[in-house]
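Novice: Below is one structure. I have some questions about it.
The values are calculated or read from the model by the stated rules, or taken from the named source; none is laboratory data. Treat the numbers as computed from the prediction; the structure is a model and nothing was measured. Neighbour counts are summed over all protein chains in view; Cβ atoms, including those assigned to glycine, are modelled from backbone coordinates with ideal geometry. Only protein heavy atoms, including side chains, enter the accessible area calculation; ligands, DNA and RNA are left aside. Shrake-Rupley method; radii C 1.70, N 1.55, O 1.52, S 1.80 Å.
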Amino acid sequence: MRLDTLLERLEYKVVQGSAETEVTTLINDSRKVENGSVFVCISGAVSDGHKYATEVAEKGAAAVVVEKDVEVPTDVTVIKVEDTRYALALMSAAYFGYPAEKLKIVGITGTKGKTTTTYMIKSILEETGHKVGLIGTIEAIIGEKKIPAANTTPESYTIHQYFAEMVKEGCDCVVMEVSSQGLMLHRTAGIPFEIGIFTNLGRDHIGPNEHKDFEDYKRCKGLLFQQCKLGIVNMDDKHLEQVLKGHTCRIETFGFSEKADLRAENTKLVSRPGYLGIDYTAEAKDFHLDVEIDIPGKFSVYNSLTAIAVCRHFGVSKEDILKALAQAKVKGRIEMIKVSDDFTLMIDYAHNAMSLESLLTTLKEYHPKRLVCLFGCGGNRARSRRFEMGEVSGRLADLTIITSDNPRFEKPLDIIADIRTGIEKTDGKYIEIPDRKEAIAWAIHHGQKGDVIVLAGKGHEDYQEIEGKKYPMDERVLIREILAEDAAKG
């Protein structure tokens, strides 16, 4: 195809060569360049694509797209744009034939609830005959194919590649998580979102490789509402007004507030052995639905309300909504694992103070005999997260089991010491068991009647990252191994 076809929705300057150059592939990874490729130089957090301009020219690249000056042989076309990440997004859409325009795309942004809500919406829409693609924190789903995710929102090229595959598979809708990072780095630029959703906002993802401050985090979340037709937003969130600043879409609200367009009323906690749930009534001007969900807590109400709000726009019947909500399960999100008739054991992804506080507060409302929280923190991430999570668990759990998470390039005992510093600001009881399998075995062997035990932080992850290498580690497998070892001992 011709280079100018890929550039048709961009402003650009031809520095050298011709925009009519024929190109074979669109690439942003220098290792994948082949004869006739157009290479987009991305200035990344780790390395700068502009450094590889000479190397890709030697490999036979026909053109390079840049935002800084580069020197390459005269037979290589050089296109200059203001922002190469933005250029990559629009060029990727063109390269795959604008597949997003053949799909109804629902984008979900927010600090918590994105993943669960995504699966709930997918479940409801599929119940009514839609074929739904999914892109999110855990995986991308295209037909029967599941592709494990590296980022919540993949690079723009990958997104459009997925969209193209979804169109080929016969999908008519896509539900995708849209992270603030993804918005900030233009990974979703140019995507015509049918519906944009805002779940809530908390202080997270602020650090050297993420957002410079909370203001920037808020601003980036809000970008979604400048590129969707309809915004469905949480009325109860105190940051809503700032997130919607400069929005260009129609707005609908949900929440517990009487002013919300879709409200939750008459909320009741449901508790049976090994089962925690919640039921409530969803009310709107022309709508009334009694809902029960087997995922505990107020945030389950928010997640399901969001899903209901979206599915009403797809004309889904009340019966189908209820049937689908009953089946919508998400791996590693308050996932209950049956190990005993005496206590409840669950796995959850809560990996920062806000999500841990929300989870433990929710579980306390069910009045367990003891609330036991097992967690560690990731290495090479903001240290403040460890002190905060330690303090939250010390304050809310009856017992904290401090263990290892993904230490990455740090020493597990150093991370555990930071968590301990947080816990010791409270009166909370704790023990330290660095090996995660041993820690889980201890929790199971010491479980008491009426306890709720939470394994927090790993959720859907099936690995442990140590010094740059990912080792297989799935908590479900560890639990099975522990139970099998116990049975063998008799």
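Novice: Let me know the charge dipole size of the chain about its Cα centre in debye, to the nearest 20, where only the beta-carbon of Lys, Arg (+1) and Asp, Glu (-1) is charged.
Specialist: Numbers: 64 positive and 75 negative charges, 119 e Å.
About 580 debye.
Novice: List the lysines whose Cα sits under 16 Å from the Cα of residue 245, skipping any in the same chain fewer than 8 residues away.
Specialist: Residue 245 reaches 218, 221, 229.
Novice: Of the listed peptides 440-449, 239-248, what is their order by residue-averaged count of other C-beta atoms within 10 Å, with the highest listed first? Intermediate values should be presented prior to the final figure.
Specialist: Working: 440-449: 17.2, 239-248: 15.3.
Highest-to-lowest ranking by the protection proxy: 440-449, 239-248.
Novice: Rank by packing, highest mean first: peptides 9-15, 358-364, with packing defined as the count of other Cβ atoms within 10 Å averaged across residues.
Specialist: On the way: 9-15: 13.7, 358-364: 19.7.
Output ranking for 9-15, 358-364: 358-364, 9-15.
Novice: Please report the orientation-averaged projected area of segment 393-442, defined via the convex hull of its C-alpha atoms, in nm². Don't jump to the answer; show the numbers that get you there.
Specialist: Numbers: hull surface 13.4 nm².
Over all viewing directions, segment 393-442 projects a mean Cα-hull area of 3.4 nm².
Novice: Taking the highest mean first, how do the peptides 116-122, 334-340, 146-152, 283-289 order by number of other beta carbon atoms within 10 angstrom per residue? Write out the running numbers ahead of the final one.
Specialist: On the way: 116-122: 26.6, 334-340: 17.7, 146-152: 13.9, 283-289: 12.0.
Ranked from most to least packed, the peptides come out as 116-122, 334-340, 146-152, 283-289.
Novice: Let me know the charge dipole size of segment 208-324 about its Cα centre in debye, to the nearest 20, where only the beta-carbon of Lys, Arg (+1) and Asp, Glu (-1) is charged. Write down the numbers at each step before the final one.
Specialist: On the way: 17 positive and 19 negative charges, 55 e Å.
I would put it at about 260 debye.
Novice: Okay, next question. Convex hull volume of the Cα atoms in the chain, per residue, in Å³? Let's see the in-between values first.
Specialist: Numbers: hull volume 76.8 nm³, N = 490.
Convex hull volume per residue, Cα atoms: 157 Å³.
Novice: Considering the zone a paramagnetic label at residue 414 would reach in this model (a point 7 Å from Cα along the Cα-to-Cβ line), which residues of segment 459-490 have amide N under 14 Å from it?
Specialist: 467-468
Novice: To continue, here is another question. When Rg is the radius of gyration of the Cα atoms in segment 348-479 and Rh is its Kirkwood radius, what does Rg/Rh come to? Please list the in-between numbers first.
Specialist: Values: Rg = 13.6 Å, Rh = 14.5 Å.
Rounded to two decimals, Rg over Rh is 0.94.
Novice: Please compute the per residue accessible area over segment 281-432 with all protein chains in place, 1.4 Å probe, rounded to a whole number of Å². Can you show the working numbers first?
Specialist: Details: 6290 Å² over 152 residues.
In whole numbers, segment 281-432 has 41 Å² accessible per residue.
Novice: So, one more: Could you please state how large a percent of the accessible area of segment 400-490 is carbon and sulfur, counting protein chains only and using a 1.4 Å probe?
Specialist: On the way: 2400 of 4560 Å².
Of all accessible area on segment 400-490, carbon and sulfur atoms account for 52 percent.
Novice: May I ask you to list the lysines whose Cα is less than 19 Å away from that of residue 268, ignoring any residue fewer than eight positions away on the same chain?
Specialist: Result set, ordered by chain and number: 298, 364.
Novice: How large is log10 I(q)/I(0) at q = 0.23 Å⁻¹ when the Debye formula is applied to the Cα atoms of segment 1-99, each weighted equally and without solvent?
Specialist: -1.24
Novice: Multiply the residue gap between residue 340 and residue 487 by 0.36 nm, knock off their C-alpha separation, and tell me the result in nm, one decimal place. All intermediate terms of the calculation are to be shown ahead of the outcome.
Specialist: Details: separation 147, 0.36 × 147 = 52.92 nm, distance 1.33 nm.
So the chain would gain 51.6 nm between residue 340 and residue 487.
Novice: With a 1.4 Å probe and all protein chains left in place, how much of the accessible area of segment 1-103 comes from carbon and sulfur atoms, in whole percent?
Specialist: Numbers: 2330 of 5140 Å².
Carbon with sulfur: 45 percent of the solvent-accessible area.
Novice: Here is a further query. Got the relative contact order for the chain handy, in percent, Cα pairs under 8 Å and 6 or more residues apart? Kindly include the intermediate steps, with their values, before the conclusion.
Specialist: Working: 1075 pairs, mean separation 48.9, N = 490.
Result for the chain is 10 percent.
Novice: Per residue, what accessible area does segment 133-274 have, given a 1.4 Å probe and all protein chains present, in Å²? Intermediate values should be presented prior to the final figure.
Specialist: Details: 6360 Å² over 142 residues.
I get 45 Å² per residue for this part.
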